[in-house]
Structure formats: C-alpha cells, structure tokens
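A short write-up of the structure that comes next.
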Amino acid sequence: MPRLSDATRGRVLFGGDYNPEQWPEKTWHEDVRLMKDAGVNSVTLGVFSWAKLEPEPGAREFGWLDRLMDLMHENGIGVVLATPTSSPPPWMGRLHPETLPRDAEGRVEWWGGRQHFSHSSATYRHYAAAITEALAARYAGHPALTMWHINNEYCTFDYGDEAAAAFRRWLREKYGTLDALNTAWGTAFWSQGYDSWDGILPPRHAHYMKNPTQVLDFRRFTSDMLLECYTAERDIVARHTPHIPVTTNFMPLWIGQDAWRWAEEEDVVSVDIYPDPRAPLGAQNGALVQDMTRSQARGPWMLMEQAAGPVNWRGVNHPKPRGLNRLWSLQAVARGADAVCYFQWRQSRQGAEKFHSGMVSHAGEQGRTYQEIKQLGTELARIGGEVSDRHSVSDVAILHDWNAWWAGVQEGRLSTQVDHPAVLGAWHRALWEANVTTDFAHPEHALSGYKMVVVPQLYLLTDAVIENLLAYVRGGGTLVSGFLTGVADEDDRVRPGGMDARLRELFGIRTLHEWWPLDAGETVECDGFRGTLWSEEIEAADEVTETVPYKGGELDGLPAVLRRGRAWYVSTLPEPEALRALLSGIAADAGARPVLAGLPAGVEAVRRGELLFLLNHGREPVTVAVPDTHEDLLTGETVTDRITLGRYGAAVLKP
Ligand code: GLA
C-alpha cells in the first residue's frame, strides 16, 4: 500500500490548491517563479475543473492540464491531482436533474454553487467514474503525479427519491427483515410500524419530532454512501497507479462522516483546518483536529488546506497577524503533519471566494502574506529531512465515535445546550493546557498501550465497547468518563437504569436517579469547583473509593465525581481550570506526564520523535527552560538551558 512518504520523499510537502484555470497562461509562469522562490514543492490541481475538462457530456479537454502538469514537472513541483467530482458542470443538472440533491424540506440544491451532486445518483456516479477513468489513464505515467485527491470535502446529504431507494437497500442489507427494522427503530411508538420497505423514507420534514433511530441510520447511510463514491473513484485511480497514494480531505471534526471508517480506506489521511485567528482557543482547536487526524492516520498525515490569511465564510473574517501562519503551520508539523498546504495558492479575483486569502494575496509578491509564506517555505525545507515520517507518541487517548455523536444530537433530548464537539473540546483543552499530548481513539480500538483513557462523552455504546473499557481497566488502565456516557445501545435504546449496568458497577454508581441539565450560564457548586452544563442525581455504591460531592441545592451531598479503583466518573462539566486540575492529577498518578513541566502559560511543547517543538501562542516573548543542550533546527543555533521565544515564536529542538 503506498504511503504519504512515497509522496514526501523525506521532505515536508509545502504548497496548496492551485486553480490556474482562473488565470491567463502568462500568470502560470509568474506563479511558478513565485512558487520556486517560496520553496513550494507540491500543488493540488483540478479540484474544481470538471466543466473545463468536460465542457459538454463526454467531451475531453486535457490540453491545458497537460501543459500545467509538464510545467510543474519541469520546475520540480509535484502534483496532487484531484478528481473534479465535487462540482459537476451545469450541463449535468440541466440534462439530468436527478443528479441534484434535495434537502429534508424537498428543496433542490441547484448548480450555481458547488457540491450539488446526489451521492446516490447512478447518473452522477457514472459520469464521475468516467472522468476519473479518463484522468487516471491520461496521467498515470506522468512524472509530476505524486498523489491522488478524490473529490473535495465530501459533505452532502440527500433526501430525494433516488437516495430514498438507496436508503431502503441499505436498510434491507442491515436488518434483513421489516420486523428487525421495526424493533430496532422502536416503531411501536407513535404508530410508526412499517408493513412495506417501500413505505420507508429518509427522515424528511415532518410535523413533529422524527424517529431518532431512523435519523441515526440515515446518518450512517449518508456516511456510507459518500464513502462508496470515494472508494469507487479510488479504485479506478489505484488500478492505474497502484504505487501512488490516494487521499480525500476531511473537514475538521465534521458530523457527517464516520472518519474512523473513512481513514481505513485512505493511503493518506488529510484534513482542512481553519481556526479563527481571533479565537482565544484557536491554537487548541487546531491541536484537537491535528491530534484527531494523526490518530486516524496512525502516523504522519497531511494538512491539505489552511488559510494563509482570512477565510470568508465567518460573519467577520480576520486576517492572521504576523507570525501566526508560521506558528500554526509548525504546530501541525509538531503534531505529525508531513504536509503543510493551503487553500489556495493565488487569491481569486472573481467568484465566491475572492475575499478568501491565498498564499499570494491581492497584494501580490510584496504583500506580507506571500513574504511570510516564503519564510515558512525556507524553514520547512530546512527541517523537512529531520521531521518527516517521524511519529509523535501519546500516553493518553481520548475516545470519540461518530455514532455516539449522531445519536446524542437527536431532537427530544434533555438539553440542547450539550454540544458534543464542545464537550470533546473542553476535555481536550484540559489536557492540552496541561501539556499532556493526546491521541484520539475509536472506542473499539486496542487501548492497553495508553496509561490513561478519557471519555468526554459517549452517549451510545455498543456491548463490544463496554467490554473493551472493562478489559482496559481490568488490565491496569485508568479510565475517566464524562456524563451522558453509556446511556444508549447501538439502536439508541436507553439501557436499563439509564446507564449500562456494567459501567455503573465499574464507576461505583448504585442508582442514577435523574439527570439534572443546567441552563446556559448556570453553574452548580461542587466541593472545590463549579460544574457547568449538566449534573446528575447519583447514589453511590458501597464499593466506591472516593467521591467529590455537590454542595448546596437539590443535589447537596450527592457525588459529582466518583472513583472506584482506577475508574472515574464526572457527572458534570467542571469549569476549565477545575477540569484541567482533575485530569492532570489523574494523568500524573497514571504516569502520563506533561511533555515539559513548568511551561509558561500559552507555550505548547510537543515531541515528534526525538525532536522537541516549542510554540509560543502568546503575543509576548517568553523564556522557556529546556533540559540539556539542543540545536534549534530553525536557526541552527545551539540552545543550552533556556530559550526565548518571541511573539508567536517557535523552536524545533534536536538533542
Ligand atoms: C474548504 C474547501 C476549499 C475552500 C475552503 C475555503 O476547505 O475545500 O475549496 O472553499 O474551504 O476556506
């Protein structure tokens, strides 16, 4: 199986989406000059080129792409070649309206934007396979080709008729009989029993709350359908070029795709990361996605897209202050990225993204954005040979599963304030601020290599997962779980007692009497800290080792936190400082230490192989004590005892 290292060949890939079809050919030569000056060694071509490649059904216009592929090769720039299937040409919708998806309200998603394709449409799939076949056949032997990029950010839903038929097929495959489906979906409720497969629909607009298991299965189905689109194209390119790695870019922590399953189908796991430069937790947000992607890749991964400056899809879009682009790029490398790429190379002058930054901004060569890109390119070239293909290792795993997320966001839940990614983010933040590097893991993965495993929230758990958690603790592991974990089985059926009995026993919970969600901004006093979002009326079992009680109010004296042996349960979301103290204390007892102790606030330390990355996320210079003597690979200087990092400063230290 080809790997990312087949494309990087000992370097960090540096470059981005390149959309030269938006520019006259003379600009291409200017682009190449600037790319070479900036150390760009990789461009992604063709992401949105379908109408240009196939201007009418069956036509092929490859001349312009031939010239570009040659131009890149002549200049030593590798090409990540995309299949253009995320934005079909207008003729497709006009001639084949069934290729257009419909939303839950039945509205058609017309052409004129992008991603207006139905994952279930046989016609769409036919045309997508044909253009992929033609591209693969034409460029299989081209020396510029380093990687395939299938589609772009798969993220569509379809509630239309062809999708409905595909949903029924998927359900038949899963359940076999209508009886099994009726049981799994709990259709005895509200008179929903199905007497015919033909009666089953996607969860379209309805008068009142929809069947939650139907919605859950529709999410599973959607992820699977999109994955089928991906694997169909992947198989085509892999047949032509078995030695060239294949990827598709994930959106960061997107709800629609079970990325664990998807990652298994990719040679290279890649992701797009766009933290808000103004967000106080932007760096942590990036770190979370980086940790997640590294874990899905089980090794080096590709930062496929980031922004050199502002994006243009937030309400207010802030540029990156000087130094921030470099810092966040090095943060990705520290956390395992072997590719630092952008959307996009040259900022567009037309189209919906003309105010979205590029590596070359409207200000051009003299602009600060390009000048900083150039500096970064030089630095990545300097460190590339040292970092690439090295692994970052963590002692702590955070468990995450899309099924649990999907089931947890249903209508009819007790609190809409509980936001799965926010809870995940809060737990990751606690460990990130304590400088404890974390992996993410699927809850069915082998966990025994970790000193501590945390479960911010896994509302839905299969029996296999429960057994995995029990075995982990039995084997000597330390487990910390947050609230709303183990509530439902895989059909989103509430487990007797409101939480699986085996888990209750594990944590020392005799009875979970009631859930007590909190209003927005409301807090609950606990002994030594305040809880937010949620609280629970729990009666501890006799075997419980330790509890931290709620103080005052309705839950006075009942346990907010329980420990039984090495298994902890936290029934509220402690405020950030308290969660940090709790988790770093448990981590220390479990033998999971911070990368570097005593770091100044805002400084992150990450190990990648023997290299130590120091990243100052603050705007003030800081001095960091470092053990032993190192060489800073960014400057070539020798560092003994301490190093001062300027505003947004970074160092890559080699012993
Ligand atoms: C995504 C897409 C790109 C572009 C950027 C803008 O990552 O893949 O095509 O739209 O967003 O931020």
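Taking only the alpha carbons of region 603-654, what extent do you get along each of the three principal axes, in Å, biggest first?
27, 20, 18
Go ahead and estimate [θ] at 222 nm for the chain from helices alone: -39,500 (n - 2.57) per DSSP H run with n ≥ 4, summed, over the residue count, rounded to 500. Walk me through the intermediate numbers first.
Numbers: 18 runs with 218 residues, N = 655.
The per-residue figure over the chain is -10500 deg cm²/dmol.
Label point 7 Å out from residue 390 along Cα-to-Cβ: which residues of region 585-629 have amide N under 16 Å?
Hits in region 585-629 for residue 390 at 16 Å: 595-596, 605-615, 627-629.
Got a sec to turn the phi values of region 159-170 into Karplus ³J(HN,Hα) couplings, 6.51 cos²θ - 1.76 cosθ + 1.60 with θ = phi - 60°, whole Hz, x for Gly and Pro?
Per residue, the Karplus-derived 3J(HN,Hα) values read 10, x, 5, 5, 5, 4, 5, 5, 4, 4, 4, 4 Hz.
Can you give the convex hull volume per residue for the Cα atoms of region 358-488, as a whole number of Å³? Intermediate values should be presented prior to the final figure.
Details: hull volume 22.1 nm³, N = 131.
In region 358-488, the Cα convex hull volume per residue is 169 Å³.
Around residue 626, which amide H atoms from residues at least 5 apart in sequence, or from another chain, sit under 5 Å from its own amide H, with H modelled in the peptide plane?
Hits under the 5 Å cutoff: 641, 642, 643.
Just need the relative contact order of region 529-655 here, percent rounded to a whole number, with Cα pairs under 8 Å and 6+ apart.
Contact order relative to length: 17 percent.
In whole Hz, what ³J(HN,Hα) sequence does region 625-637 give by Karplus (6.51, -1.76, 1.60; θ = phi - 60°), x for Gly and Pro?
Here the 3J(HN,Hα) series is 7, 10, x, 6, 10, 9, 9, 7, 5, 6, 10, x, 7 Hz.
Taking all protein chains in place and a 1.4 Å probe, what share, in percent, of the accessible surface of region 396-590 do carbon and sulfur account for? Display every interim value, and only then the final one.
Working: 3400 of 7330 Å².
On region 396-590, the fraction of accessible area on carbon and sulfur atoms equals 46 percent.
Pop a pseudo-label 7 angstrom from the Cα along the beta-carbon direction at both residue 195 and residue 638 and give the gap in nm to one decimal.
Inter-label distance under the simple model: 8.8 nm.
Hey, can you find the accessible area per residue of the chain for me, probe 1.4 Å, expressed in square angstrom? Spell out each step's value before the answer.
Numbers: 25390 Å² over 655 residues.
Per-residue value: 39 Å².
To the nearest 0.05, what FRET efficiency results for residue 491 and residue 368 with a Förster distance of 56 Å applied to their C-beta separation? List each step's numbers first, then the result.
Working: r = 55 Å, r/R0 = 0.97.
FRET efficiency, residue 491 to residue 368: 0.55.
Taking 8 Å as the Cα distance limit and 6 or more residues as the minimum spacing, I'd like the relative contact order of region 396-590 as a percentage. Before the final figure, lay out the partial values.
Working: 396 pairs, mean separation 41.4, N = 195.
Averaging sequence separation for qualifying contacts and normalising by length gives 21 percent for region 396-590.
Rounded to a whole number, what % of the accessible area of region 603-654 do carbon and sulfur atoms account for, probe 1.4 Å?
Details: 950 of 2200 Å².
On region 603-654, the fraction of accessible area on carbon and sulfur atoms equals 43 percent.
For the chain, give the magnitude of the charge dipole about the Cα centre (Cβ charges: +1 Lys/Arg, -1 Asp/Glu; no others), in debye to the nearest 20.
Details: 63 positive and 86 negative charges, 312 e Å.
For the chain, the charge dipole is close to 1500 debye.
Could you tell me the largest-minus-smallest coordinate of the C-alpha atoms of region 396-590 on each of the three principal axes, in descending order and whole angstroms?
Over region 396-590, Cα extents along the principal axes are 41, 37, 33 Å.
Given a Förster radius of 25 Å and the C-beta distance between residue 33 and residue 73 as r, what FRET efficiency does 1/(1 + (r/R0)^6) yield to the nearest 0.05? Display every interim value, and only then the final one.
Details: r = 16 Å, r/R0 = 0.64.
The value I calculate is 0.95.
May I ask which of 320/451; 26/374; 320/654; 52/320; 174/451 have a Cα-Cα span longer than 26 Å here? The partial results should precede the final answer.
Details: 320/451 37 Å; 26/374 22 Å; 320/654 28 Å; 52/320 33 Å; 174/451 36 Å.
Table pairs above 26 Å Cα-Cα are 320/451; 320/654; 52/320; 174/451.
Measuring from label point to label point, each 7 Å out along Cα→Cβ, what is the residue 501 to residue 137 span in nm?
Here the modelled spin labels are 6.2 nm apart.
Subtracting the Cα-Cα distance from 0.36 nm times the residue separation, let me have the gained length for residue 551 to residue 378 in nm, one decimal. Please report the intermediate quantities before stating the final value.
On the way: separation 173, 0.36 × 173 = 62.28 nm, distance 5.67 nm.
Length difference between fully extended and current span is 56.6 nm.
Can you divide the C-alpha Rg of the chain by 2.2 N^0.38 Å and report the result to two decimal places?
Values: Rg = 25.7 Å, N = 655, 2.2 N^0.38 = 25.9 Å.
Rg over 2.2 N^0.38 Å, computed on Cα atoms: 1.00.
Provide the solvent-accessible area of residue 194, counting protein heavy atoms only and rolling a 1.4 Å probe, rounded to the nearest 10 Å².
Here the accessible area works out near 50 Å².
Please report, as a whole percent, how much of the solvent-accessible surface of region 221-332 comes from carbon and sulfur atoms (probe radius 1.4 Å). Spell out each step's value before the answer.
Numbers: 1760 of 3390 Å².
About 52 percent, which is the carbon plus sulfur part of the accessible surface.
The values are calculated or read from the model by the stated rules, or taken from the named source; none is laboratory data. Model, not experiment: these values are computed from the prediction. Here Cβ is always computed from backbone atoms with ideal geometry, including for glycine, and neighbour counts include all displayed protein chains. Note: accessible area is taken over every heavy atom of the protein model, side chains too, but ligands, DNA and RNA are not part of it. Shrake-Rupley method; radii C 1.70, N 1.55, O 1.52, S 1.80 Å.
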